[in-house]
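S.K.: Take this structure first; my questions come after.
Every number here is computed from the coordinates shown, using simple stated rules; none is lab data. Just so we're clear, the structure is a prediction, and the values are computed from it rather than from any experiment. Here the Cβ positions follow ideal geometry from the backbone for every residue, glycine too, while neighbour counts run over all protein chains shown.
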Amino acid sequence: MSDLDNREKAFENKFAHDEEGKFRIASRRRKLLGLWAAEEMCLSDEESLNYAMTIVKFGIEDNSHGAVITKILADIKQKGSRLTESQVRLKNDEFEEIAKKQLLTDRK
């Protein structure tokens, strides 16, 4: 194998690794956001976990920008909560950082 082939393979491996990391962070963030939203909706522990997993799955199926936020807002409003989109987005950003830290800790 030539040096060029080795470099190409290394870039492909790095890309795959980076994409897997992004996927894991997004999934963890969605789970945390789903658990938080479930708490805001006063769901039971079992319902909260089921809801969080629903949010993770929804985010995988519809990864368009803002889809998860829109779903959570609709679900929260249906339960009578007065949370705003900016509050949900702020939590989403907070959970992004938490998810990154958690996954870094998990690797060690």
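S.K.: Between helix 45-61 and the chain, what is the angle of the helix's C-alpha long axis to the longest principal axis, kept within 0 to 90° and rounded to the nearest 10?
M.R.: Between the helix axis and the principal axis of the chain, the angle is about 50 degrees.
S.K.: Right, something else. So which lysines can LYS57 reach, going by Cα to Cα under 26 Å and dropping same-chain residues fewer than 8 places off?
M.R.: LYS14, LYS22, LYS31, LYS71, LYS77, LYS79, LYS91, LYS100, LYS101
S.K.: Next question. Let me check the size of the range 46-108 from its C-alpha atoms; what are the radius of gyration and Dmax in Å?
M.R.: For the range 46-108, the Cα radius of gyration and maximum Cα-Cα distance read 13.1, 42 Å.
S.K.: If you don't mind, there's one more thing I want to ask. What full-extension length gain, to one decimal in nm, is calculated for ARG89 and LYS22 as 0.36 nm per residue of separation minus the Cα-Cα distance?
M.R.: 22.3 nm
S.K.: Could you give the nm distance between label points at LEU104 and ILE60, where each point is 7 Å from its Cα heading toward the beta carbon?
M.R.: For LEU104 paired with ILE60, the spin-label model returns 2.6 nm.
S.K.: Quick check on packing: order 90-96, 62-68, 52-58 by the mean number of other C-beta atoms within 10 Å, highest mean leading.
M.R.: My ranking of the peptides, most packed first, is 52-58, 90-96, 62-68.
S.K.: When ranked by the protection proxy of mean other Cβ atoms within 10 Å per residue, highest first, what sequence do the peptides 79-88, 20-29 form?
M.R.: So the order, starting with the most tightly packed, is 20-29, 79-88.
S.K.: Okay, moving on. So I have (1) 248; (2) 125; (3) 147, and one of them is volume of the Cα convex hull per residue in Å³ calculated from this model. Which one is it?
M.R.: Comparing each candidate, only (2) matches the computed number.
S.K.: Here's another thing I want to ask about it. Helix 3-40: angle to the longest alpha-carbon principal axis of the chain, degrees 0 to 90, nearest 10?
M.R.: Here the helix axis deviates by roughly 10 degrees.
S.K.: What percent of all Cα-Cα pairs in the range 21-65 falls into each 5 Å bin, going from 0 up to the bin containing the maximum distance?
M.R.: Pairs per bin, as whole percents: 5, 27, 30, 22, 11, 5, 1.
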